[in-house]
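Asker: The structure is given below, and queries will be raised subsequently.
Every number in this text was worked out from the coordinates using simple rules, so none of it is lab data. Everything quoted here is computed from the prediction, not taken from an experiment. With ideal geometry, Cβ positions are generated from the backbone for all residues, glycine too; neighbour counts draw on all protein chains shown.
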Amino acid sequence: MLGSEFDEPYMQELRGFLVAEKEQHEVYPPNADIFAAFRHTPFPAVRVVVLGQDPYHGPGQAHGLSFSVRRGVRPPPSLQNIYKELHADLGLPIPDHGELTAWADAGVLLLNNCLTVRARTPNSHKGRGWERFTDRVVQVLAEQRTGLAFVLWGAAAAQKAAAVDASRHLVVRSPHPSPYSAASGFFGSRPFSRVNQWLEARGEAPIAWGLA
């Protein structure tokens, strides 16, 4: 559905920027994982979109799924706060790992506003073209599907709401789960139960949010 997007001039410019960036800096995630979210959750399988800001910028953290880190990597503070809200919302135990692949495989598109970042420099790839690409992802999903749940965490993610018809989809907005903003409305927002209530009201199975 988005194949032609890669031929657009802005994507060619973004590609050139990334080539030059990688010559001078370390960039996350690795090339093979930049589009991992779409590999795990292809468009026909999407039921929920969880949208964050940009990938983790620490070594060994980002692997192409927003907020997720592979097993063996300590869950970053934002993910720890997500787990706290998961426990408060659904009573589920807090996992001992940070890998969210099971959510992705269950139909949760774990998408960031920007899909790459310079090491140790958050928001460093902002304004280089990724936002236009992810705008298009949200637009296509919102137009071609009905009954999706869009969970938008943070100001950058909230801007995507303009492309979503709230009469056809659920839109859940809150501050980012970062320690800098979680207490300003992320905690207590109950995104997991709200998504499941929406799905069940439509006669669909809820998302199994528990992580073994």
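Asker: From the phi of every residue in the range 171-183, what ³J(HN,Hα) in whole Hz does the Karplus formula 6.51 cos²θ - 1.76 cosθ + 1.60 yield, where θ is phi - 60° and glycine or proline is x?
Answerer: 10, 10, 10, 7, x, 5, x, 4, x, 6, 9, 4, 6
Asker: Could you pull out every one of the aspartates and glutamates with an alpha carbon less than 12 Å from that of Lys160, ignoring same-chain neighbours closer than 8 positions?
Answerer: Leaving aside aspartates and glutamates fewer than 8 places away in the same chain, those within reach of Lys160 are Glu131, Asp135.
Asker: State the volume of the convex hull built on the alpha-carbon positions of the range 173-212, expressed per residue in Å³ and rounded to an integer.
Answerer: Taking the convex hull of the Cα positions in the range 173-212, it is 72 Å³ per residue.
Asker: Can you run phi through the Karplus equation (6.51, -1.76, 1.60; θ = phi - 60°) for the range 96-112 and list ³J(HN,Hα) in whole Hz, with x for Gly and Pro?
Answerer: 9, 8, x, 8, 9, 4, 4, 5, 4, 6, 8, x, 9, 6, 8, 10, 9
Asker: Treat each spin label as a single point 7 Å out from the Cα along the C-beta direction, and report the Ala155 to Ala32 distance in nm.
Answerer: 3.7 nm
Asker: Another one. What is the local net charge at Gly154, summed over the other residues whose Cβ is closer than 15 Å to its Cβ (Lys, Arg +1; Asp, Glu -1)?
Answerer: 0
Asker: Given that just one value was derived from the coordinates, which of (1) 18.0; (2) 17.4; (3) 16.8 is Kirkwood radius over Cα pairs in Å?
Answerer: Computed from these coordinates, Kirkwood radius over Cα pairs in Å corresponds to label (2).
Asker: From the phi of every residue in the range 7-24, what ³J(HN,Hα) in whole Hz does the Karplus formula 6.51 cos²θ - 1.76 cosθ + 1.60 yield, where θ is phi - 60° and glycine or proline is x?
Answerer: Values per residue, Gly and Pro as x: 8, 5, x, 5, 6, 5, 5, 4, 4, x, 4, 5, 4, 5, 4, 6, 6, 10 Hz.
Asker: Could you work out how far apart the two model spin labels at Ala212 and Phe187 are, taking each label as a point 7 Å from the Cα in the direction of the beta carbon, and quote it in nm?
Answerer: Reported label-point gap for Ala212 and Phe187 is 3.2 nm.
Asker: Would you mind checking which residues have amide H under 5 Å from Glu26's amide H? H placed 1.01 Å from N; only 5 or more apart, or other chain.
Answerer: Ala119
Asker: For a quick protection proxy, order the peptides 37-50, 9-22, 60-73 by their average other-Cβ count within 10 Å, most packed first.
Answerer: 60-73, 37-50, 9-22
Asker: Say R0 is 35 Å: what FRET efficiency, to the nearest 0.05, do Asp96 and Arg136 get from their beta-carbon distance?
Answerer: Approximately 0.45, to the nearest 0.05.
Asker: Stretch Glu204-Glu23 to full length: gain in nm at 0.36 nm per residue minus the Cα-Cα span?
Answerer: 60.4 nm
Asker: Note down the net charge around Ala20, summing +1 for each Lys or Arg and -1 for each Asp or Glu among other residues with Cβ under 15 Å from its Cβ.
Answerer: Local charge sum for Ala20: 0.
Asker: Let me ask something else. Using every Cα-Cα pair within the range 78-133, state what percent have a distance larger than 17 Å.
Answerer: Looking at the range 78-133, the distances longer than 17 Å represent 57 percent of pairs.
Asker: Where the centre of each part is set by its Cα atoms, how far does the range 174-194 sit from the range 23-83, in angstrom?
Answerer: Spelled out, the Cα-based centre of one part sits 19 Å from the other.
Asker: When the helix-only estimate is applied to the chain (DSSP H runs of n ≥ 4, each -39,500 (n - 2.57), divided by the residue count), what is the mean residue ellipticity at 222 nm, nearest 500 deg cm²/dmol?
Answerer: -9500 deg cm²/dmol
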